[in-house]
Each structure stands twice: as structure tokens, then as C-alpha cells.
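Trainee: Following this message is one structure expressed as C-alpha cells.
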Amino acid sequence: MTSCDKVISPILCARRCGYYGNPTNHNLCSQCYKAFLKEEVAKDALVLSEKISSLTVTTEKDDSTMKMQKPQRCMSCMKKVGLIGFNCKCGKIFCRSHRYPEEHACVFDFKSIGRAALAKENPLCKADKLENRI
């Protein structure tokens, strides 16, 4: 006999509501099983909220940092730049018309940085000029 041929006797709901339960639903009827799932979700949410509430949040902000910050300005024309300010390698912020190093007379030495990068990427390779030495 196969498992399809077995006759399963009906089981009443485990919560005794009067309907028949299903073994795959923990012997609960469909309505009680939906309520059971909602209770499980509520329990999980409660446990999660307890874990979150037990976490401590430390803030290191003083009253001086809570004050409003001055708007960022272009170091060349003193125009307000807000969120679209361009940071230069010299460490200053500029507007869109002064963002290039030529426009704001940048003091950053781009040549030495480029030379150092090339020297690092291309090490000096010397080979012997004579294959067979005596």
C-alpha cells in the first residue's frame, strides 16, 4: 500500500473550536492556524522590540555642534555653494566656476603627486647586457 491509500481519521482542532484540524497546521483548523501565526508574529515583534530597547545609544554631540553651521562658501568668490560645492585637493571648497585648479590658483603640487605615482607603478628594471660572462 502507498501513502495515498491510507485513510486518515479526522482530528478535531487542538483549540477545541469544533472544526477539524490538519496535521500540517499543528492540528489546528484554518481559522485557528491564522490566529496562531498572528500570535507568533506578535511574539517575534515583542522580542525584537525588547532587544532594540535594550540597546544603548550614545551621542557625543555637544551644544556647540548643535548650533547651525555656517553655509559653505567658495574660497575664491565667497559665493554660497551648499551641497554642490567642489572639494579640491588643496582642501578648500569652490563653486562650479572655480572648481578647476587653474581658476582658483591652487597651491597643491599635482606634478609631484603624479611623479610619485608613476615611480611607484613603474619600477626601474635593469637586465644584464652580457648573457655569458666569464
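The values are calculated or read from the model by the stated rules, or taken from the named source; none is laboratory data. Keep in mind the model is a prediction, meaning the values are calculated, not measured. Ideal geometry is used to build each Cβ from the backbone, glycine not excepted, and the neighbour counts take in all protein chains shown. The accessibility values were calculated without ligands, DNA or RNA, using every heavy atom of the protein model including side chains. Shrake-Rupley method; radii C 1.70, N 1.55, O 1.52, S 1.80 Å.
Trainee: Could you give the length gained by full extension between Tyr20 and Ser49, i.e. 0.36 nm per residue of separation minus their alpha carbon distance, to one decimal place? All intermediate terms of the calculation are to be shown ahead of the outcome.
Mentor: Working: separation 29, 0.36 × 29 = 10.44 nm, distance 3.55 nm.
Gain in length upon complete extension: 6.9 nm.
Trainee: Using a 1.4 angstrom probe and counting only protein chains, how large is the accessible area of Ser112 in Å², to 10?
Mentor: Per-residue accessible area (Ser112): approximately 50 Å².
Trainee: Between Lys80 and Ala116, what is the label-point separation in nm under the 7 Å Cα-to-beta-carbon projection?
Mentor: Result for the modelled spin labels: 3.8 nm.
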